[in-house]
Amino acid sequence: MSPSTKKSALVRRTVVELDLVGYSHVARELERQTDATVVFHLSDQVQSFVDEGLREVGLARRDVVNGTAGDNALLVFERASEAHRFSEAVHRATKRYNASKADPVAHRHFRIGISTGEIAIRGKEISGTSIIDSVRLEAAGQRGHILIDEATFEELPRKFQECYRGPESVADKQNNSYSVYRFVVVEADDVPGVAPSIAAPKRDSAAPAKSSPPVDISRIIKYAPAELIGREDETKLLNDAWDQAVRGETKRPHVLTFVALGGEGKTSLIAKWAASLAADDWPGCDVVFAWSFYSQGTRDQVAASSDLFLKEALIFFGDDADKEFAASPAGAFEKGQRLARIVASRRSLLILDGLEPLQYPTEAKAFKPGELKDQGVAKLLKDLASTNVGLCIVTTRIEVPDLNAFKGGAVIETHLRRLPRAAGVSLLKSLGVKGSERRDLTLKDSEPNGEKVNEFEKLVEDVKGHALTVTLLGGFLKRAFHGDIRQRDRVKFEKADERMDGGHAFRTMAAYEQWLLRDGGDEGRREVAVLRLMGLFDRPADAGCLAALRSETIPALTEPLAGLADDDWEFCLSGLEAAKLLTVNRDTSGALVSLDAHPHLREYFARQLRMQQPDAWRAAHRRLYEHLCATTNEGVEPTLEDLQPLYQAVAHGCHAGLQQETRTSAYKKRIQRGQEFYSTKRLGAFGSDLGAVSSFFEQPWSGVSQALTQTDQSFLLNAAALRLRALGRLTESLEPMRVSGEMDAQVEEWNGAAISYSNLSELELTLGDVAAAVVDAEQSVTYSDRSSDAGVRMIDRTTHGDALHQAGRRVEAETRFREAEQMWTETYPQSPLMSSLPGFRYCDLFLAVPERSAWQMMQNPEARSQKSELVQQCRDVFQRASHTLKWVESWQQALLDIALDHLTLGRAALYAAILENSDLRLLNSDLRLLNSDLRLLNSDLSHIDAAVAGFRRAGTQDYLPRGLLTRAWLRFLTGARTGPESAQEDLDEAWEIAERGPMRLFMGDIHLYRARLFGGMKDEGGRMKYPWDKNPDGTARGPKDDLAAARKLIEQCGYWRRKEELEDAEEAAKGW
């Protein structure tokens, strides 16, 4: 049939015309800054706003868009309400977008006109006066406004009519007059550079312009829905909590946690609330920052890391010193502590979305479900719960037991329940689902005489009000069956496993996938291919990775995308976005940045592809591995951000079955840089590194991939153990460390076995199993003597000597240390004193007797000791450590070694200063009054602060308590006993670290320190004044309770090094 003979149909429709204000000016400015090609990206960006509006209505572009011309779009809707909702969503999307842009050139504004009437449709052609009227209304409108004619107004539901003002008269360019209604979606005051209209309230011209706070919500704002349904109570809770923070109320929540299974709408709730604050120009906010832990990869919760978050947040909130600290190898605990201090000092809004990758899962056996694995975020949240001027908001699938002590007060935990029935029905209708309102169905099939419901209510209840499932199902019914709710039986919900998080959503997605493949034609197959690509990622898929996957066909995966023109690719993405299956992230020019999908959808398609097309699964991951390795230029001194593509490549390489190549080329050569261990020693990225190591495991933390050589398997087991240990996850590190040693011993790899057993002994010592530490250290010596490495033989003897020392076997310990130093001298004759950790251990043994004597003088000034001999011993140790410090400082990057020498120097100076004085009154008042060389006090004792700072920079949790304990002693003597930067503060921090380990030897030390330092303190009335005077249950406690707890731990652990010190303290306690 020729075009002239085609029949046309006359139908009633609502026509929308939108136009980007100032398109020509913006295009010229962008072209001036870059080149002419950027104009294409600007046009794409305009259409991305159109797509965002269509997502709100639940319609695909092909259903309503009649034409586009770069800066505008003409759309035809069946219902006026859809046109209204679309137009409002476009304006609100631009408002959110503009709120995040400081440069006015980056701002985008639309004018929108809407007309309703009969139009003629012939194929893809349309005609009618409503089209002309919509264009003229748009031209007569203002940015941020919607102008509609009377016919459109009459067809709107009352709730939408209430948004409009009018009628009023406007004229077009030909002076034709129109009676219109106006909806001011974005006030003129919200539009930079625009004078207020009659619709906008006037501002006091004398009032100073309010400066906007620093804001970064880019990681969550894309997930804010145009309309949030059924979360009124939770929104009120958020508003009330923020209002209380702004008013500075004392009894208010510092942290809000929202707990719910995946897909219940946690992110939508928080993102929509944040968008509403942005629309009001962040009332009362000093600074705003949002982070999504799903945006950086999750690795199935095995080894997610806070490394990147802590660095980015410190840079965002902090000053130059904080930025320098953010880039240092300091540990997560120290960075979390510092971040909390900065955030809490201002009225900050901190949003942490999707915390569960950092928590132990519900099926964890050895750990409390939901407990934070990450010490940095745990410290941050605890400190903010304790002190916070602003508000921190957390979303997670699991409760956070770390905050239990604060719940009901400074922490409010809210379980986000399923959608209420009425809200679910409203959501279905908003998505275009149609059905009967008659309540003639039985709610429960097993109860024929039970409650009667309609089709909408029945469907909402069948999926348990699960927000994601309702959204997916509504979109599916609208798209596949024109919204016919009777087709809901296409999804077999009775097969959904209700015990599985996301079971109903998976069933819906399976039905959706089958329909797209069966009835969706080429476009449907393309959309499924894109969704399957999302299953390859545990984070947003960036444009470069997507381009690599599309570059050459991957059989059984990307055939539908082969040779796809850019327009068709964009059309495919638009369809998926309109169906709420995909989130398309673009930059300011409209260019594609990344694609993202809900974690449940990624999980579903990952499972489908891995199980049904394993060859395609491996081939796609190989493509990504090769792409990331080839395109990453990390440079000579890469930052943590520079290494992120390589960390991602490691995961893809292992999924591709390339474990051996990945271990050698990507991980060892480029991330670790061989024996330099760059990522951990230089960057302190233990969390990120553990994530990479976990990729090689089939079963954490015992089963490494059999595709690796046995040597590499053993190495990775040991690497996992050391990183777990550095992160404070001590009990988890035991198994891989022991298995690594056993594997090496079986194949007579004596050097590796010796190292593993030495590390195992150190770990057992930290955990408080002194007897096991002695046995395994002795085994390490046995294995090292069979190896050819003299350095390992020497170090393992100091490991054994240290274990013997802590066991109270001092004579045997001295023998081992003398053997070790003799070996050291033979190996390094130019540096005849042991340095680094071996040297620190030896000095710790040398200082044991002076340390006890110093405590005796603290507790009893009449105590008799060989004072001059002990002071000389302290000076000898000081001289030794002074020499070794010069050596290790010349090595560069030896942060832990430097900190250990500083601690030895500080301890030697402190003990000597105490031993040289005999006046208890001076000792207990002010160390500055001691009869010692003031230069010694002012300089030598400063080593203690340097040690604490060094341990923080080195990121070593299992050494920091040593420095804190010594500094607590010093601070007590200098009068800083309680309050900020005091002895009490140091002891509390040491306890928090030790208890979490659990580092039981340190716990025993802390009990002793508390009692010995504060046991005799009394107030002016002579009453006991003890900082730790309450048990967790509120009952009274005192210093003798700490001594009893110390005795219990010392006896349980076999920590007999402290036996005499404990007995001295118990004797002194008789006088308290």
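Only the coordinates and a few stated rules stand behind these numbers; no lab work does. Values in this document were obtained by computation on a predicted structure and should not be read as measured data. As a convention, Cβ positions derive from the backbone with ideal geometry for all residues, glycine included, and neighbour counts pool all protein chains shown.
Couple of notes before you dig in:
- For the range 419-519, a simple Cβ point-charge model (Lys and Arg +1, Asp and Glu -1, everything else neutral) yields a dipole of about 280 debye relative to the Cα centre.
- Positive contributions from Lys and Arg (+1) and negative ones from Asp and Glu (-1), summed over other residues with Cβ under 9 Å from the Cβ of SER784, come out at 0.
- Of all DSSP bridge pairs formed entirely within the chain, close to 65 percent run antiparallel.
- Take each peptide in 899-908, 314-323, count the other Cβ atoms within 10 Å of every residue, and average; sorted highest first, the result is 899-908, 314-323.
- Relative to the longest principal axis of the Cα atoms of the chain, helix 983-996 runs at roughly 70 degrees.
- Listed peptides 412-423, 791-802 by packing density, highest first (mean Cβ within 10 Å): 791-802, 412-423
- Applying 0.36 nm per residue to the separation of LEU10 and THR442 and subtracting their alpha-carbon distance, the gain on full extension is 151.3 nm.
- When you count the other C-beta atoms within 10 angstrom of each residue and take the mean per peptide, 72-82, 371-381 line up highest first as 371-381, 72-82.
- Among (1) 1.07; (2) 1.04; (3) 0.98, the entry derived from the coordinates for Rg/Rh (Cα atoms, Kirkwood Rh): (2)
- Potential extension, THR978-GLU676 segment - 0.36 nm per residue separation minus Cα distance: 104.5 nm
- Judged by the gyration tensor of its Cα atoms, with axes a ≥ b ≥ c, the range 935-1072 is oblate; a/c meets the 1.5 cut and b/c is at least as large as a/b.
- Charged side chains reduced to their Cβ positions (Lys and Arg at +1, Asp and Glu at -1) give the chain a dipole of some 1480 debye around its Cα centre.
- Across LYS444/LYS464; LYS311/LYS681; LYS365/LYS407, pairs whose alpha-carbon gap is larger than 20 Å: LYS365/LYS407
- Neighbour-count order for PHE258, PHE367, PHE951, fewest beta carbons within 10 angstrom listed first: PHE367, PHE258, PHE951
- Proximal charge balance of ASP51 [Cβ under 11 Å; K/R count +1, D/E count -1]: -2
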